């Protein structure tokens, strides 16, 4: 079997473009990591190594930045990232019920946060800055306020229906 010489370059083409847009400037490591995470939904280890090499930095330094900031993830996340606020206002108003509902409905738990089909990731976060809407849940960038367990199930059903319709359209 013949291997293509530029296979690695094509594999990292998106990363190369991100690094080039940032002028290969190691001082722009955080914006580079942010863009890469936006593209991949996480920071794959081989990509972090590639970034370190491209920026002429120690791999440990790149990993250090990627693991220091809570915003970055080294684990693959689902297409729909559901963040449930567990700050004081949300917790008092029942955010733990939302987490329980999501975990039960999606077959997740405290150690498993992403569904096997890579459709959903559930995260409890300290604060979403919308205390007046407690309890709050964010799906990707869409904010849902005053969410009950029932509404939580409805939101999941809406997403699943939308995904089924997309699948039918593409069939």
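Could you work out how far helix 59-68 tilts from the main Cα principal axis of the chain, as a 0 to 90 degree angle to the nearest 10?
Between helix and principal axis, roughly 20 degrees.
Using helices alone, I'd like the mean residue ellipticity at 222 nm for the chain: each DSSP H run of four-plus residues gives -39500 (n - 2.57), total over residue count, nearest 500.
-15000 deg cm²/dmol
Can you sort 169, 146 by how many other beta carbons sit within 10 Å, fewest first?
Placing the least packed residue first, the sequence is 169, 146.
Relative contact order for the chain: what percent, with Cα pairs under 8 Å and sequence separation of 6 or more?
On the way: 200 pairs, mean separation 30.0, N = 171.
After rounding, I find 18 percent.
Taking 0.36 nm per residue of separation and subtracting the Cα-Cα distance, what length does fully extending residue 40 through residue 89 add?
14.4 nm
What number, in percent, do you get for the relative contact order of the range 80-170 if the mean sequence gap of Cα pairs under 8 Å and at least 6 apart is divided by its residue count?
Working: 121 pairs, mean separation 32.4, N = 91.
This gives 36 percent for the range 80-170.
Simple spin-label model, 7 Å along Cα-to-Cβ: residue 163 to residue 141 in nm?
2.1 nm
Points 7 angstrom from Cα along the Cβ direction at residue 117 and residue 27: gap in nanometres?
4.8 nm
Enter the angle in degrees (range 0 to 90, nearest 10) between the Cα long axis of helix 29-40 and the first principal axis of the Cα atoms of the chain, meaning the one along which they spread out most.
On a 0 to 90 degree scale, this one is about 70.
Starting from the Cα coordinates of the range 18-116, work out the convex hull volume and express it per residue in Å³.
Details: hull volume 11.7 nm³, N = 99.
Given the Cα convex hull of the range 18-116, per-residue volume reads 118 Å³.
Taking the chain as the reference, fit the longest principal axis to its C-alpha atoms, fit the long axis of helix 45-54 to the helix C-alpha atoms, and give the angle between the two in degrees, 0 to 90, nearest 10.
Rounded to the nearest ten degrees, it is 40.
In what sequence do 113, 91 fall when counting other Cβ within 10 Å, fewest first?
By the 10 Å Cβ count, ascending, the order reads 91, 113.
Using only the Cα atoms of the range 66-126, build the gyration tensor, take square roots of its eigenvalues as a ≥ b ≥ c, and label the shape rounded, prolate or oblate: rounded if a/c is under 1.5, else prolate if a/b is larger than b/c, else oblate.
oblate
State, to one decimal in nm², a quarter of the convex hull surface area for the C-alpha atoms of the range 70-171, i.e. the direction-averaged projected area. Could you put the intermediate results ahead of the total?
Values: hull surface 26.9 nm².
Averaged projected hull area, Cα only: 6.7 nm².
Could you state the per residue volume, in Å³, of the convex hull enclosing the Cα atoms of the chain? Write out the running numbers ahead of the final one.
Numbers: hull volume 28.5 nm³, N = 171.
Spelled out: Cα convex hull of the chain, divided by residues, is 167 Å³.
Between rounded, prolate and oblate, where does the range 7-68 land on the alpha carbon gyration tensor, with a ≥ b ≥ c its root eigenvalues, rounded for a/c under 1.5, else prolate if a/b exceeds b/c?
On the way: a/c = 1.30, a/b = 1.21, b/c = 1.07.
Rounded, since a/c falls under 1.5.
Rank these for me by crowding, 127, 90, 152, going from fewest to most other beta carbons within 10 Å.
Details: 127 13, 90 27, 152 22.
Going from sparsest to densest Cβ surroundings: 127, 152, 90.
None of the figures in this text is laboratory data; all of them are computed from the coordinates on show. Fair warning: this is a prediction, and the values are worked out from it, not measured in the lab. Because the Cβ atoms are built from the backbone with ideal geometry, glycine has one as well, and the counts that use them run over all protein chains shown.
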